[in-house]
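Below is one structure, written out as structure tokens, with a few remarks after it.
The values are calculated or read from the model by the stated rules, or taken from the named source; none is laboratory data. Since the model is a prediction, treat every value here as computed from it, not as a measurement. FYI the Cβ positions are ideal-geometry reconstructions off the backbone, even for glycines, and counts take in every protein chain you see.
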Amino acid sequence: MEISALLLAKIQFALSLNFHVLFAAIAMALGWLLSVFRFLSWRAPDSAWMAAYRFWVRIFALVFFLALASAVPVLLELGILWPPLMERIGNVAGPLIAFGITTLFVIKSVFLGVMFFGQRRVSSGAHLFSVCMVAVGLTLTIFWELVLQSWTHTPTGATLVDGLYQIDDWLGVILNPSLPWYAMLFGAGGFLMVGCLLIAVAAWQASRRPLEDSERKTYRVGIAVIVIASIAQLVALDGNMRLLAREQPVTAAAVMGHWQTGPQADLIWVGWPSADDQQSAGLIVTQAAAGRWLNRQDDQYWVGLDQAIVGEFPAVKTLFWLLRLAAYGTLFVLGLMIITLWIRMRHGTDPGKYPPWLLRAQVWAGLVGTGVWVCAWNLGELGRSPYMVWMTLKQEDLLTTAGVSALMAGVAASGLLYAILLGGFIKMFFHAARYGVVPVRKPGVRI
């Protein structure tokens, strides 16, 4: 099987982008939870909330710098893998990237040092303010990234003139139709990942030793975060599918496994699409229930995959399963939390008294939450293919002239780098979960 240069470029860019946005989403959500922990410890200085803050701020530091470092390859690859892209969309992308970098520079220069190293050098209120400002600044930085990313799906507010996008209305660019649902999916997924991590760490610790008060509080917060984020995630998936049906009807048909344009559309809960037979076999099917997530023509027919333009046929199987894995993973962790609340009512608030099978399931929920986010994010990114900017700029027209061997080496190097970084993060994460926060006293410094 011959591997094309386009496929290799897409794989390398997907690796870099997924790694970056994964840690960016965790950092944003964890930043806000740290603000809550710090606020509660500020109100009650002797409470266990400070211990919870001190543990998770170390995880936040790792996540933040991984997100920051992985942004550099993404920016470089925009120019290396797709050289004409920034020239074509520079009027839109340039200011948005500049806004994001400026916001990041401000929080990193002014507030991040106080948050990490200044707790004993400033007042408690000033430290709380710095923690909150880091969360606000990080959210604003990610907001500009989401504006650019969502704009490539619905490029409003700008017009393509002689191959270059010219700004017509900045408000239309920023408040493009994809942004609200895209941002909600990103935020809900980030909080769902963090909530699952809170639960996973506490459950793993509870299966080995009695939990401290701070760990029990973190466990309780994790349950609340997962329940709220799961509901928000399901709402965001629904909103994104309705947006997809309106803006990209053939892609929506691929996600739903709907092949033939016609008056009836069935919702396949469990099944598989077949490109050879151009039909989808379903084990669990709801009759005439998929219309909410499909585009309807004027003659009342639901748009199917037979309306795809030649050469632009979507990746049906991949899109089909990405939605279902994201939705079912979300329902799994939500159901697990409902069971946890029921057992909590019967056995009390100490997770150490819960059944071992429940604690093991909660540990694995940490991976499920991450998987849900990855599936939801790539559902949108792969749905835009074969375009970089929907219906205007194709990936193949923007591809670098580098050879297959050079691109293959880039994919291998990127994969190795991200595997090392991810492995190091996981090792340090488990080390922190096992040993907790061990204060180190320096000569002349009072603790």
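Within the bounds of region 123-133, is there any residue that is touching a residue at least 60 places away in the same chain (Cβ under 8 Å), within 21 Å of GLY187 (Cα to Cα) and either assigned to a helix (DSSP H, G or I) or not acidic (Asp, Glu) (or both)? Within region 123-133 (the criterion being touching a residue at least 60 places away in the same chain (Cβ under 8 Å), within 21 Å of GLY187 (Cα to Cα) and either assigned to a helix (DSSP H, G or I) or not acidic (Asp, Glu) (or both)), the answer is yes, since at least one residue qualifies. Restricting SER109, SER123 to those that are more than 28 Å from the chain's Cα centre (by Cα), surrounded by fewer than 20 Cβ atoms within 10 Å (Cβ to Cβ) and more than 27 Å from PRO84 (Cβ to Cβ) reduces the list to SER123. Would you kindly identify the helices (runs of 4 or more DSSP H) lying entirely within region 39-121 that contain at least 1 residues that are farther than 25 Å from LEU198 by Cα and free of Cβ contacts under 8 Å to residues at least 60 places away in the same chain? Of the helices (runs of 4 or more DSSP H) lying wholly inside region 39-121, those with at least 1 residues that are farther than 25 Å from LEU198 by Cα and free of Cβ contacts under 8 Å to residues at least 60 places away in the same chain span 49-80, 83-107. Residues in region 304-335 that are outside any loop (DSSP other than H, G, I, E, B), of a type in the set (A, V, I, L, M, F, W, C) and in contact (Cβ under 8 Å) with a residue 60 or more places away in the chain: VAL316, LEU319, PHE320, LEU322, LEU323, ALA326, ALA327, LEU331, VAL333, LEU334. The residues of region 286-303 include none that are more than 13 Å from THR261 (Cβ to Cβ), modelled with pLDDT of 85 or more and part of a loop (DSSP other than H, G, I, E, B). Quick check: is even one residue across region 75-83 modelled with pLDDT of 90 or more and farther than 26 Å from LEU422 by Cβ? Yes, because at least one residue in region 75-83 is modelled with pLDDT of 90 or more and farther than 26 Å from LEU422 by Cβ. Of all residues assigned to region 169-179, none qualifies as being farther than 24 Å from GLY239 by Cα and of a type in the set (Ser, Thr, Tyr). Within region 385-394, is even one residue part of a helix (DSSP H, G or I), modelled with pLDDT under 90 and not aliphatic (A, V, I, L, M)? No - not one qualifying residue is present in region 385-394. Put simply, of ARG292, ARG324 the only residue that is among the charged types (D, E, K, R) and within 15 Å of ALA376 (Cα to Cα) is ARG324.
Quick test for you: out of ILE167, ILE174, ILE101, pick the one residue that is farther than 30 Å from GLY415 by Cα and loosely packed, with under 15 Cβ neighbours inside 10 Å. Being farther than 30 Å from GLY415 by Cα and loosely packed, with under 15 Cβ neighbours inside 10 Å holds for just one of ILE167, ILE174, ILE101, which is ILE167.
For region 202-228, the set of residues classified as touching a Leu at 6+ places or on another chain (Cβ under 9 Å), small (Gly, Ala, Ser) and touching a residue at least 60 places away in the same chain (Cβ under 8 Å) consists of ALA202, ALA203, ALA206, SER207, listed by residue number.
For region 341-363, does any single residue satisfy the condition of being outside any loop (DSSP other than H, G, I, E, B), acidic (Asp, Glu) and at pLDDT 85 or above?
The initial filter retains those residues of region 341-363 that are outside any loop (DSSP other than H, G, I, E, B), namely 341-347, 351-353, 356-363.
From what is left, the residues that are acidic (Asp, Glu) are none.
Taking every residue of region 341-363 in turn, none turns out to be outside any loop (DSSP other than H, G, I, E, B), acidic (Asp, Glu) and at pLDDT 85 or above.
Across region 266-282, the number of residues qualifying as free of Cβ contacts under 8 Å to residues at least 24 places away in the same chain, surrounded by 14 or more Cβ atoms within 10 Å (Cβ to Cβ) and among the acidic types (Asp, Glu) comes to 0. Among residues of region 239-265 that are acidic (Asp, Glu), those with a beta-carbon under 8 Å from a residue that is in a loop (DSSP other than H, G, I, E, B) at least six positions away or on a different chain give the pairs GLU247/HIS153; GLU247/THR154; GLU247/PRO177; GLU247/SER178; GLU247/TRP390. In region 376-394, the residues that are in contact (Cβ under 8 Å) with a residue 24 or more places away in the chain and within 17 Å of THR159 (Cβ to Cβ) form Cβ pairs under 9 Å with partners that are in a helix (DSSP H, G or I) and aromatic (Phe, Trp, Tyr), at six or more places apart or across chains, as follows: VAL389/TRP151. I want to confirm something. Restricting to region 28-38 and keeping residues that are over 17 Å from VAL372 (Cβ atoms) and out of contact with any Leu (no Cβ under 6 Å at 6 or more places or on another chain), which single residue is surrounded by the fewest Cβ atoms within 10 Å (Cβ to Cβ)? Going through the qualifying residues, I end up with VAL36. Inspect region 1-23 for any residue being crowded, with 19+ Cβ neighbours inside 10 Å and free of Cβ contacts under 8 Å to residues at least 40 places away in the same chain and give the result as yes or no. The answer is no, given that none of the residues of region 1-23 is crowded, with 19+ Cβ neighbours inside 10 Å and free of Cβ contacts under 8 Å to residues at least 40 places away in the same chain.
In the condition set (1) acidic (Asp, Glu); (2) surrounded by fewer than 16 Cβ atoms within 10 Å (Cβ to Cβ); (3) in contact with a Phe, Trp or Tyr (Cβ under 9 Å, 6 or more places away or on another chain), ASP46 is compliant with all but (3).
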